[in-house]
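These notes concern the structure reproduced below.
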Amino acid sequence: MSRMTASKHQSKSSPHTHQASAARKPVGRRVVKLGTREVVTEGIVRPLFHDLFHHFMTVSWPRLFTTLAAFFLVFDLLFGLLYYSVPGCIANLSPPGFAGDFFFSVETLATVGYGDMHPQTFYGHAVAMAEISSASCH
């Protein structure tokens, strides 16, 4: 019987907590423009990766291009670090060091050609293959 009394006391809320919760912005409130109409959604909270197509179709152009540029920059930095971790895996690397490895990653992802640079070790070929394969799957 003491449990029922405790649960009744917990379910009651004081007027102060009700006013504080009413003053807060509703969770998941979003205004979506569809042509000339505005649709207000409340309580719909979906993770970003749940529906990327819908996200990219409803986001502003500057945010879309910024997101895509950031994705490619992070992707190229990651593979640049993989090339950099094993020195000598890229022949005729220019400029030397991480900058050359990063540019090689950009050229691999963009498929613009290397000129004189090319993978020269098994590791270099494996990383280039992984970069090309992962980019072409999307």
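What does the highest-first list of 65-74, 118-127, 98-107, 34-43 look like by mean Cβ count within 10 Å? Working shown, then result.
Details: 65-74: 11.6, 118-127: 15.6, 98-107: 19.1, 34-43: 8.3.
The densest-packed peptide leads the list: 98-107, 118-127, 65-74, 34-43.
Could you report the range 60-121's accessible area per residue, 1.4 Å probe, as an integer in Å²?
Values: 3800 Å² over 62 residues.
Per residue, the range 60-121 has an accessible area of 61 Å².
Between residue 94 and residue 81, what is the spin-label point distance in nm, taking each point 7 Å from the Cα along the Cα→C-beta axis?
2.9 nm
Considering only protein heavy atoms and a probe of 1.4 Å, how much of the accessible area of the range 32-138 is carbon and sulfur, as a whole percent? All intermediate terms of the calculation are to be shown ahead of the outcome.
Working: 5150 of 7550 Å².
Whole-percent figure for carbon plus sulfur exposure: 68.
Does the range 98-138 come out rounded, prolate or oblate, given a ≥ b ≥ c as the square roots of the eigenvalues of its C-alpha gyration tensor, rounded meaning a/c under 1.5 and, failing that, prolate meaning a/b above b/c? Write out the running numbers ahead of the final one.
Numbers: a/c = 1.71, a/b = 1.23, b/c = 1.39.
Verdict is oblate for the range 98-138.
Taking 41 Å as R0, compute the FRET efficiency from the Cβ-Cβ separation of residue 111 and residue 42 and round it to 0.05. Spell out each step's value before the answer.
Working: r = 45 Å, r/R0 = 1.10.
After rounding to 0.05, the efficiency reads 0.35.
Counting pairs of alpha carbon atoms under 8 Å apart in space and at least six apart in sequence, what relative contact order in percent does the range 28-115 give?
On the way: 56 pairs, mean separation 14.8, N = 88.
Relative CO of the range 28-115 lands at 17 percent.
The values are calculated or read from the model by the stated rules, or taken from the named source; none is laboratory data. In this text, all values refer to a predicted model and were calculated from it rather than measured experimentally. Note that each Cβ is placed from the backbone with ideal geometry, even for glycine, and that neighbours are counted across all protein chains shown. Note: accessible area is taken over every heavy atom of the protein model, side chains too, but ligands, DNA and RNA are not part of it. Shrake-Rupley method; radii C 1.70, N 1.55, O 1.52, S 1.80 Å.
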